[in-house]
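To start, the structure under review is shown below, and the notes come after it.
The values are calculated or read from the model by the stated rules, or taken from the named source; none is laboratory data. As the structure is a computational prediction, the values presented were derived from the model and not from experiment. Counting neighbours? That spans all protein chains shown, and the Cβs are built from the backbone with ideal geometry, glycine included.
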Amino acid sequence: SEAVQPRKVARETTEYVTQALPVPPEARSDADWCLKYTFGLRAWKMFVNQTNAALKKQLAARPDSKVIFLKSELLECTLPELCYGLSKFVSEVKKTDGSRYSPDLVYYLCLVIQAYLFENGRTENIFSDILFSPFTDALDELMRSFSSASMLD
């Protein structure tokens, strides 16, 4: 279905713009996107599964430990959970073979995550909202290592 929203064109007239209502995330395809969000979502979910498995082991070894489990569905994360999870993601995410992603690819994954959040109605901007400064600090640190390494090439 479509929603009609007014848009002011001039003082006297109002033009109506037809916009499609958002489609649920599971029905969307990223085939026409420049950013492929499935790649970023897959990396996020794998990271969450690995992190939560390590936290479960830690909790089994030390039941008095205080741990924070991450949610694999980004849209279900509260703002603090998202900030905490993304901060860890930037510094700890790995490929399926266990090797590290290059800093530019980690940045790409974060861009994809931001696009996915926006596309699904989340208004946080992980790159500029002050509440995400731990995440942006971690990303800045990672990118500094990238720019230093690229200068040596």
Every residue from segment 76-105 that is of a type in the set (Val, Ile, Thr) and either at pLDDT below 95 or not in a helix (DSSP H, G or I) (or both): Thr78, Val93, Thr96
Flag for Thr96 being in contact (Cβ under 8 Å) with a residue 24 or more places away in the chain and loosely packed, with under 12 Cβ neighbours inside 10 Å: yes
Some residue of segment 33-43 being of a type in the set (Phe, Trp, Tyr), part of a loop (DSSP other than H, G, I, E, B) and farther than 25 Å from Leu131 by Cα: yes
Number of the exception - Glu92 against (1) under 16 Å from Met46 (Cα atoms); (2) touching an Asp or Glu at 6+ places or on another chain (Cβ under 9 Å): (2)
Condition met for Ser65 (out of contact with any strand residue (DSSP E or B) (no Cβ under 8 Å at 6 or more places or on another chain) and modelled with pLDDT under 95): yes
Some residue of segment 105-115 being surrounded by 13 or more Cβ atoms within 10 Å (Cβ to Cβ), among the hydrophobic types (A, V, I, L, M, F, W, C) and over 14 Å from Ala43 (Cα atoms): yes
